[in-house]
Structure formats: C-alpha cells, structure tokens
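Asker: The structure that follows is given in the form of structure tokens.
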Amino acid sequence: MSGPGHNPDEGLEGPSDGSEPETFRADLLHQRDRRLNGFRRGLIAAGVAAAMLAIVGSAAAWRWYFGDLPQIPPTGQLASLGHAPGMTFIDMDGRVLATRGAKYGAPVRLKDLPPYVPLAFLAAEDRRFHDHGAVDLWGITRAFAANFGAGHTVEGGSTLDQQLARNLFLSPQRTLKRKLQEIVLAYQLENRLGKDGILQLYLNRVYLGENAFGIDAASRAYFGKPASQLTLTEAAVLAGLPKAPSKLGPMHDEAAALKRGRLVLDRMRREGWINLADERTAAQAPVTLAQHEPEGDLGWAYDLAAAQARSDAGTQGGDLIVRITIDPSLQKEAAGVVRDALSGEGRRVGASQAAVVLLAPDGAVRVLIGGKDHDDSPFNRAVQARRQPGSSFKPFVWAAALEGGDKPTDFRSTQRIAFGPWSPNDHASAASLTLADALAQSSNNVSVRLTSETGAAKVAALAERFGVGGLPEKPGLSLALGAYEVTPLELTGAYQVFQSGGRLIRPYLVAEVAKSDGTVLYRRPELASLQVYDAGKSREMVLMMQGVIQRGTGRRAKLDRPAAGKTGTTQENKDAWFVGFTPDWAAGVWVGNDDSRPMKGVAGGDLPAEIWRRVMVLAHQGLPVRDFAAPDKPGEPQKDAGGGESVVFADRSAFYETLASEFARDAAETGSQPGSQP
C-alpha cells in the first residue's frame, strides 16, 4: 500500500548523502563463523583435556593415598591383631636372665565392667563419642581453635574410632596420607562394629604403659586385680594414661598419675556422669599399687637388646629368644660403683648422672650402664645421649698427625694460637712439648696446631674410619677440642682400634635372635675385622696414651697393669670423660647432668677416671697381668695404608729410649735444648 509521498523502494537505496552504498560480503561472514566455530571447538577440547587431567590426577592421588590402605581382617581377629612378641633374654652360656614382653589381659566386655570404667576413658579421650560419627568435625574445629590460640598443640581432635584405626593398622607418623587413611579405616570400623563394638575393642587394645595392652592387663599390672574390680579412682588413673603412658604411669610418677586422674574425675562430673560427692570421694581415695620385681641394673641392656631383636625379627611372629653378651654379675657390680660415686663425690661436685661401657676385645658389650638408676630413669645415656667428648677426642687428632708423617718425638709450640677471634685455653708446662708429652698434658694449643696442619677434614675422616659418626662434612678447627657430639658406646668402640692394633671392631650386644621353636632369625656373623689404621702407628698411639695415665692428666685411672687412655672435659665442666683400655678390656665413662648444668670443676681426670679405675679393677679380677702386644718384627718399618712408614717398639722402655736419643740428636743438630721452640 502506498500513499502520498511514499516511496515503495525506500530503505533499499543507498545513503541519501550521496556516498557509495556498503557492499554485502558473504566471504567475510563465512570467515567470522569459521573463527567462532574454531573457538568453540578449542573450548570444548580444553574442557575435555582438563576433565581427563582431573580424572587422571584424581586416580593418581587416590592410588597414592589409598593404594596401600590396609584391609580390615575378620572381626574375630581384631582383638589379637599385631600382638607384640614376648622375649626371653639368655646369656652367652644359655642361662635365662629375664623375660619381657607385652602383657595382654583377658578380653573384657562392656557389660562386665563397672559403668564408670568406659565413661572415664570417654571423659579423657572422646566426650562426644556417642554424638558424632567416626570423625568429629566439631571436635576438630574446637581443637584447631584451641591450638591456634595457644600457639602450639594443646588439644587433639581424633576420635576413639581414629585412635583405634591408627593403633591397629597405621604408623604414628604425622602425614596427610596417614590421616586420610585413618579416617577411611575409622568409618569402616564403625560401620562394622558400631559404637559399643568400637569402645569395647579400644579398651582391649589401648596401650597403658608397663608393657600392658588393654585395660585388663593394665589393671593387673598396676593394681593387681582384673578390670572388673576397678574402683572409680583406679579407672580415672588408667583413663589418664593413653596420652603419655610412660611419663604418667603410676609406677614412674604416682603423683602425676593421680593428678591426671583427678582431671578425669572433674570431666566426668562436668559431663553429668558422676555427681560431686562421687568426685570428691574418688579424688581423696588412696591407690594401692601392685608390687613388682624391677629389672634394675640390667634394664638398659634389655631395652637395647629388645629394640634390636624386634628389628631383626621383622614381621616374624611368635616369642623370641635373645642371646646377649652382657655379664650380669659384672653389670651389677659396675652399677654399684656408679651409684656409690655419684652419691658421694658426685653429690659434692654437682654430678647427677653417669654412663659406663665395658667392651671385650672382640667388641662384645659386657657392661652397659645408662645412668644412676634404670627404674628411676630408663633413658640410656650410654647409647642415646650425644655429648661433646672434649679432649677425649684428641687421640684421633694425634693419630691423623702420625698418619700424615709426624712422630711422637716431634716438638710443637704450646704458645697461644689464635684463628681469627677464636683461641683455645691451655695450661701446658713448657713453651714446647713433644707430641707424646703434649697428649699426656692434653695441650689444647698443640691439638689445634696439629688439626690445622693435618686438616680438620682428614681428622674427621679418620675418626669416622674408627667408627665415630655424626661429624660434619666440613668440620672446623673446634674439632681439635672435641666440639662435636658422640655417645659413650661409640667413643669406646673407636678407642678399640688402638687396642686392637689398628683394626675396627664393631661393638655388639645381641649375639643371636631365635624363635621359641629354635628357628634362628639373626646370628652375628663372624666378620673379619677391618684394618683401618697402621699397626705400627697404633702401637705408638698406645704408648703415648699410656703416658696420659702414667704422668699426665689421667693419673687417677692408674692400675696395677699396663693401661692407656685419655681424659676429656668440655667447656664450663658440663661433661667429663675418661676412655681407655688394657690388653683385656676397653671402657668408657661419661659423667654430667642431663640438663647440661655445669659441674663444680669436675674434669675427666677426676670422677670419671676414678669410676673407670674401679670398674676396671672389678673386670680384671683373676686375670694375669699382660702388656700390650707388639706388632711382628719390633723396630722394623711397617707400611701403613697411605704408604708411609712407622717404627714400632716392643715395649715402653724402647720407646722412651728412642725419645731420649731423638731429643739428643735434635739438640746436636739445632743447638737448642729440649723444651724450646723447634
């Protein structure tokens, strides 16, 4: 339809301003569509790739976290799963010394226990046990807030389900993998057993100290009665143990155990499970502990042997027979020496602990004393405490110097020596000393000079060759003064290289581990000793170390037979050592305090040397007097591992005659007098 002034072609013409009309380009439209389609295809491909990566990543993560997830065995096997084996310790002649092992009481059912017994454990470990599933999200949140506010861990968020899963199937290490597996296993256990089943199994498996697993075993160990007869007070004490069963055990610290038990009673009252009168009565009720025969002075040896036996047995089940090298009578006599020394002189000079190691020439540990009283403190200072050896490390410095070409008759200045701002203290008697006299007088300046000349790295390498571990890759000159840490067993074993003519003999306590049916799981191999040091130079070291006892800092260790050794004292008298040997025995003594509190002027030549002497007198009873064996062809040069030569001597007189002749020769050649600066 058209009207006046209407053009039917209006809108189809070009622009009215006279410019050229736009031309329609179908090809450009096609290109645009093609770009859009390509972009869409790229998005789809990227999405598919991301999905595939997510699937592959999720599968890999699942395999990493849950690929080795333990399988839960049939319910009937859960109560006895992973029971630790018992152990019988025997001496080298097959005599039974002691039996030890995990204690497992009779399986208990919830209905056979007084109601307050399981409630006490819930109060201590999981108050919301019946209000949550296998995992308590509210408890985790509460624990996080408490720990964040305190700046350290003060509260845990694990449920009984998680604790049970961890104790039955997993290691105690704190990793995300372990935690995720713990959660999965906790859900599986609760789905199978239900709440009552979880609580009952937990009470039968929880470790409560004194080698007792389960509430019945613990009740019998601590109170001499079955779990069904526990009082409210006793139940609260046991419920307070899982967090720290050794530290809080009533046998170890009765006051701490009772205090923790009162906290459990308070929680039970606040939860409404007991009333105020019950709490007050139970908090004031006395607790009578069962009497037991302590392992006493042999406990340190049993602890160490048991740990090795478990390692040697691996996954083998059943009870174990462990043959150990300890001499029970000598161990008890030596422990008596330690207690007597610490109670007398030790008390006056502020020394509270000591450790003693006695080794036979083949490395067998005959005495292993880790402290003053094992029942009071089972911590084994002979093998677990790493302390600075002080000057008792110096024999390795001298040995490295001899290996580098020095001789016992060589002189070194004792004058003050400084390396940057550092300078050792010294109390030498002359301006210069032979290496033999410098070792006898324990000259710090000579030790530092020798370490500087030889190289601290070479000294450390020699000590490691001798069996000393834990030294740094790049040691400093402080190595000369024993600034790095060792254990008494380690240091005594290293001294045996000198005793044995340069051969490395590893100390050992366990000779054999067998199952109760006689199957041998481990037997110490008869290994040939390794020659790690020249025999001739070793003999020279022995003669110089004899001088320490005869005329040096170790006079208090003197015996009625040939003996060699070295004293050691650390800064501020925090540690004092004497380590030495005869042809028949090697022994090491450390004296100090666990908190590194300084003693009152105690040096290695004082209390440690006295303990060493008394123990050695006991060990040598009935043995003939022997001198140290000399290498074959005394006086002949012997090639060492580095190709050098070392003149060896058959006895001390020949050694000191040579010293005198070399002094005279040096004086004639240089016009100097012995004792002057060379």
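Asker: Please report the net charge: other residues with Cβ closer than 11 Å to the Cβ of Asp362, K and R +1, D and E -1.
Answerer: +3
Asker: Which length gain, in nm to one decimal place, applies between Leu263 and Ala283 when the Cα-Cα distance is subtracted from 0.36 nm times their residue separation?
Answerer: 6.3 nm
Asker: In nm, what is the difference between 0.36 nm times the number of residues separating Glu254 and Ser311 and their Cα-Cα distance?
Answerer: The Glu254-Ser311 span can extend by a further 17.3 nm.
Asker: Can I ask one more? Give me the distance between the Cα centres of region 507-525 and region 174-246, rounded to whole Å.
Answerer: The distance from the Cα centre of region 507-525 to that of region 174-246 comes to 33 Å.
Asker: Under a Cβ-only charge scheme (Lys and Arg +1, Asp and Glu -1), can you give me the dipole magnitude of region 263-313 about the Cα centre, in debye to the nearest 20?
Answerer: Once rounded to the nearest 20, the dipole reads 400 debye.
Asker: Can you check what the net charge comes to around Ala619, using other residues whose Cβ is under 12 Å from the Cβ of Ala619 (Lys, Arg +1; Asp, Glu -1)?
Answerer: +1
Asker: Percent relative contact order of region 315-448, based on C-alpha pairs within less than 8 angstrom and at least six residues apart?
Answerer: The value is 16 percent.
Asker: Evaluate E = 1/(1 + (r/R0)^6) for Asp131 and Tyr187, where r is the Cβ-Cβ distance and R0 equals 22 Å; express this FRET efficiency to the nearest 0.05.
Answerer: Calculated transfer efficiency: 0.85.
Asker: Here's another thing I want to ask about it. Tell me the carbon and sulfur percent of the accessible area for region 214-275, rounded to whole percent, probe radius 1.4 Å.
Answerer: Carbon and sulfur: 47 percent of the exposed surface of region 214-275.
Asker: Specify whether the C-alpha gyration tensor of region 515-589 places it in the rounded, prolate or oblate class, a ≥ b ≥ c being the square roots of the eigenvalues: rounded for a/c under 1.5, otherwise prolate if a/b is larger than b/c and oblate if not.
Answerer: Prolate, because a/c is 1.5 or more and a/b exceeds b/c.
Asker: Given labels modelled 7 Å from the Cα in the Cβ direction, how far is it in nm from Glu473 to Gln621?
Answerer: Taking the simple label geometry, Glu473 and Gln621 are separated by 5.1 nm.
Asker: Considering only protein heavy atoms and a probe of 1.4 Å, how much of the accessible area of region 527-606 is carbon and sulfur, as a whole percent?
Answerer: Carbon with sulfur: 50 percent of the solvent-accessible area.
Asker: Among 364-373, 400-409, what's the highest-first ranking by average C-beta atoms within 10 angstrom per residue?
Answerer: Packing proxy ranking, top to bottom: 364-373, 400-409.
Asker: Report Val520's accessible area, 1.4 Å probe, all protein chains in place, as a number in Å² to the nearest 10.
Answerer: Its accessible surface works out to 60 Å², give or take rounding.
Asker: Next question, about the same structure. Report the rotationally averaged projected area of region 274-321 based on its alpha-carbon convex hull, in square nanometres.
Answerer: Taking a quarter of the hull surface, the average projection is 7.0 nm².
Asker: Which lysines does Lys247 reach when only Cα atoms under 19 Å apart count, and residues fewer than 8 places away in its own chain are ignored?
Answerer: Straight-line reach from Lys247, under 19 Å: Lys103, Lys259, Lys372.
Asker: Then there's this: Pulled fully out, how much extra length does the chain show between Arg109 and Asp376, if you take 0.36 nm times their separation in residues and subtract their Cα-Cα distance?
Answerer: 92.6 nm
Asker: If you don't mind, another one. Cβ neighbours within 10 Å, averaged per peptide: list 621-630, 538-547 in order, most packed at the top.
Answerer: Ranking the peptides 621-630, 538-547 by packing returns 538-547, 621-630.
Asker: Related question: Among 81-92, 384-395, how do they line up from the highest to the lowest mean number of other beta-carbon atoms within 10 Å?
Answerer: 384-395, 81-92
Asker: Given an 8 Å cut-off on Cα distances and at least 6 residues of separation, report the relative contact order of region 427-479 as a percent.
Answerer: Result for region 427-479 is 32 percent.
Asker: For a label point 7 Å from the Cα of Lys558 along Cα→C-beta, name the residues of region 433-463 whose backbone N is under 20 Å from it.
Answerer: Of the residues in region 433-463, 436-443 have backbone N under 20 Å from the label point off Lys558.
Asker: What accessible area per residue, rounded to a whole number of Å², is obtained for region 183-255 using a probe radius of 1.4 Å?
Answerer: 36 Å²
Asker: Let me know the shape class of region 306-405, please: from the alpha-carbon gyration tensor, a ≥ b ≥ c as square roots of the eigenvalues, rounded when a/c is under 1.5, otherwise prolate if a/b is greater than b/c, or oblate.
Answerer: Verdict is oblate for region 306-405.
Asker: Normalised by the residues of region 195-303, what does the relative contact order come to in percent, with Cα pairs under 8 Å and at least six apart?
Answerer: Across region 195-303, relative contact order equals 21 percent.
Asker: Where Lys and Arg each count +1 and Asp and Glu each count -1, what net charge lies around Val602 among other residues with Cβ under 13 Å from its Cβ?
Answerer: Local charge sum for Val602: +1.
Asker: With a 1.4 Å probe and all protein chains left in place, how much accessible area per residue does region 444-521 have, in Å²?
Answerer: 35 Å²
Asker: For the residue pair Val96 and Gln384, what label-to-label distance in nm results when each label sits 7 Å from Cα along the Cα-to-beta-carbon direction?
Answerer: Modelled inter-label distance: 2.8 nm.
Asker: May I pose another question? What does the C-alpha gyration tensor say about the overall shape of region 159-208? Classify as rounded when a/c is under 1.5, otherwise prolate if a/b is larger than b/c, or oblate.
Answerer: Oblate, because a/c is 1.5 or more while a/b does not exceed b/c.
The values are calculated or read from the model by the stated rules, or taken from the named source; none is laboratory data. Remember, predicted model here, so these are calculated numbers, not experimental data. Glycine also receives a Cβ, built like all others from the backbone with ideal geometry; neighbour counts cover every protein chain displayed. SASA here: full protein model, heavy atoms, side chains in, ligands and nucleic acids out. Shrake-Rupley method; radii C 1.70, N 1.55, O 1.52, S 1.80 Å.
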